[in-house]
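Asker: Handing you this structure, nothing more for now.
All of the numbers you see were taken from the coordinates with simple rules; none came from a lab. No experiment lies behind these values; they were computed from the predicted model shown. Cβ: placed from backbone, ideal geometry, glycine included. Neighbour counts: every protein chain shown.
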Amino acid sequence: MLVNPFLTPGEQERFRSVTIGVAGAGGLGSNVLMHLVRSGLERFVIADFDRVSPGNLNRQFFFQDQVGQLKTEAVAENLRRINPDLSLQLHPVRITEENLWSVFGQCDLLVEAFDDAESKSMFIRKTVPWGRPVVAASGLAGWGRSNEMRVRKVGKNLYLVGDLSAGVGDLPPESPRVGLAAALEANTAAALILGVEF
Amino acid sequence: MITIEFNGKLEEIAEATTLLEFLTGKNLTNPHLILELNGEILTKDALSSDDSPELENGDRLNAFSLVGGG
């Protein structure tokens with residue numbers, strides 16, 4: 001189904017042909033997915049072991065009646081309300097070094113959307129050598145300082161979004177700043193797929 | 001002394017300083033650092049005491065902290 005009437009036929013074809021892997025379907029992942037589905041992308045691999053909790057609703061793309069559901073199931077339901085024709089591969093598992101390749105090995109571009117620094121670090125170190133674009137986030141907690149959120153290209157294929165300093169150990173994760181980071185991740189992924197400047 | 005560029009700024013350091021020694025001196029203790037040396041992302045081994053490479057004159061080093069939140 002065509003959800004984005006502003007794409008050229010070439011862009012539409014490009015967006016429909018790629019598979020995006022999203023590791024984590026929380027504050028970053030659920031919002032990255034929402035943006036990419038609205039943009040016209042249709043094929044995703046989504047992994048998250050967690051369930052929707054009441055405390056997630058301050059920033060994550062879920063609703064009150066989804067509390068208790070697996071995030072993979074809940075996000076799939078919400079994304080299909082935007083575009084019913086999506087191809088979604090859902091993995092309600094914890095991502096480890098061991099299952100990373102079997103879950104995401106087929107993806108053309110990877111989005112890191114975990115919440116803890118250790119998982120971010122593991123994911124980046126293990127996927128960057130695959131040579132495909134990896135879009136990751138670090139530093140998105142608190143309020144304000146919008147202009148410190150940016151995208152850096154690191155090495156040949158890592159794109160790092162955020163302010164690199166505001167962690168959830170010190171500051172709360174809030175919708176506007178988490179949303180900014182998610183939108184920057186989605187915008188970077190879309191630009192890389194289209195081959196325009198990130 | 002040799003000169004390297006660290007996070008965009010020139011710095012003079014002693015010859016034969018290893019990456020690990022340099023970062024320890026900078027108090028960069030975040031265990032989740034992404035390091036980029038001359039445009040390449042380094043693996044974790046670059047920070048093990050056995051395999052940490054010596055920095056060379058003209059090296060460009062960048063360190064990016066990974067902090068939690070998502």
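Asker: Give the long-range amide H neighbours of residue A:45: residues separated by 5 or more places, or on another chain, with amide H under 5 Å away, using H modelled in the peptide plane at 1.01 Å from N.
Answerer: A:20, A:21, A:22, A:89
Asker: Still on this structure, I have one more. Over region A:16-64, what lengths in whole Å, largest first, do the semi-axes of the equivalent ellipsoid take, defined as the square roots of 5 times the eigenvalues of the alpha-carbon gyration tensor?
Answerer: One finds semi-axes of 21, 12, 7 Å for region A:16-64.
Asker: On average over all directions, what projected area in square nanometres does the protein assembly as shown have, based on the convex hull of its Cα atoms?
Answerer: For the protein assembly as shown, averaging the hull's shadow over all directions gives 14.7 nm².
Asker: Quick one: among A:155, A:24, A:40, which has the greatest mean-square fluctuation in a GNM of chain A with alpha-carbon springs under 10 angstrom?
Answerer: Sorting by GNM fluctuation, first place goes to A:155.
Asker: Continuing with this model, one more query. Magnitude of the Cβ-charge dipole of region A:9-194, K/R +1 and D/E -1, about the Cα centre, nearest 20 debye?
Answerer: That gives a dipole near 440 debye.
Asker: Sticking with this one: With θ taken as phi - 60° and the coefficients 6.51, -1.76 and 1.60, list the Karplus ³J(HN,Hα) couplings across region A:69-78 in order, rounded to whole Hz; mark glycine and proline as x.
Answerer: Per-residue couplings from phi come out as 6, 4, 4, 4, 5, 5, 5, 4, 4, 5 Hz.
Asker: Using a Gaussian network for chain A with springs between C-alpha atoms less than 10 Å apart, which of these wobbles most: A:99, A:56, A:187?
Answerer: Maximum fluctuation in the GNM of chain A, among the listed residues, is at A:99.
Asker: Let me ask something else about it. Kirkwood Rh, Cα Rg: Rg to Rh for region A:141-198?
Answerer: Radius of gyration relative to Kirkwood radius: 1.01.
Asker: List the equivalent ellipsoid semi-axes of region B:2-65 in whole Å, largest first, each obtained as the square root of 5λ for an eigenvalue λ of the Cα gyration tensor.
Answerer: Over the Cα atoms of region B:2-65, the semi-axes work out to 16, 13, 11 Å.
Asker: Roughly what % of DSSP beta bridges within region A:9-194 run antiparallel, to the nearest 5?
Answerer: 25
Asker: Taking the Cα centre of region A:1-98 as origin, work out the dipole magnitude from +1 charges on Lys and Arg Cβ and -1 charges on Asp and Glu Cβ, in debye rounded to 20.
Answerer: In debye, rounded to 20, region A:1-98 gives about 200.
Asker: Can you sort A:110, A:171, B:42 by how many other beta carbons sit within 10 Å, fewest first?
Answerer: Final ranking by Cβ density, sparse to dense: A:171, B:42, A:110.
Asker: Which whole-Hz ³J(HN,Hα) couplings does region A:175-189 yield from phi under the Karplus relation 6.51 cos²θ - 1.76 cosθ + 1.60, θ = phi - 60°, glycine and proline marked x?
Answerer: 3, x, 6, 4, x, 4, 4, 5, 5, 5, 4, 5, 5, 5, 4
Asker: Next question, about the same structure. Convert 10 °C to kelvin, take the viscosity as 1.306 mPa s, use the Kirkwood radius over C-alpha pairs of region A:95-198 as Rh, and evaluate the Stokes-Einstein diffusion coefficient in µm²/s, rounded to a whole number.
Answerer: 113
Asker: Could you line up A:151, A:32, A:196 from fewest to most neighbouring Cβ atoms inside 10 Å?
Answerer: Ascending Cβ contact count within 10 Å gives the list A:196, A:151, A:32.
Asker: With a 10 Å cut-off between alpha carbons and a GNM built on chain A, which of A:26, A:162, A:105 moves the most?
Answerer: Between A:26, A:162, A:105, it is A:105 that shows the largest mean-square fluctuation.
Asker: So for chain A, averaging the separation of alpha carbon pairs under 8 Å that are six or more residues apart and normalising by length, what relative contact order in percent results?
Answerer: 23
Asker: Is the shape of region A:6-99 best called rounded, prolate or oblate, per the rule: a/c under 1.5 gives rounded, else a/b larger than b/c gives prolate, else oblate, with a ≥ b ≥ c the square roots of the Cα gyration tensor eigenvalues?
Answerer: Oblate is the answer for region A:6-99, as a/c is 1.5 or above yet b/c matches or exceeds a/b.
Asker: Something else now. Would you list B:6, A:61, B:22 from fewest to most Cβ contacts within 10 Å?
Answerer: B:6, B:22, A:61
Asker: About the Cα centre, and with charges only on the beta carbon of Lys, Arg (+1) and Asp, Glu (-1), how big is the dipole of region B:2-65? Nearest 20 debye, please.
Answerer: 340
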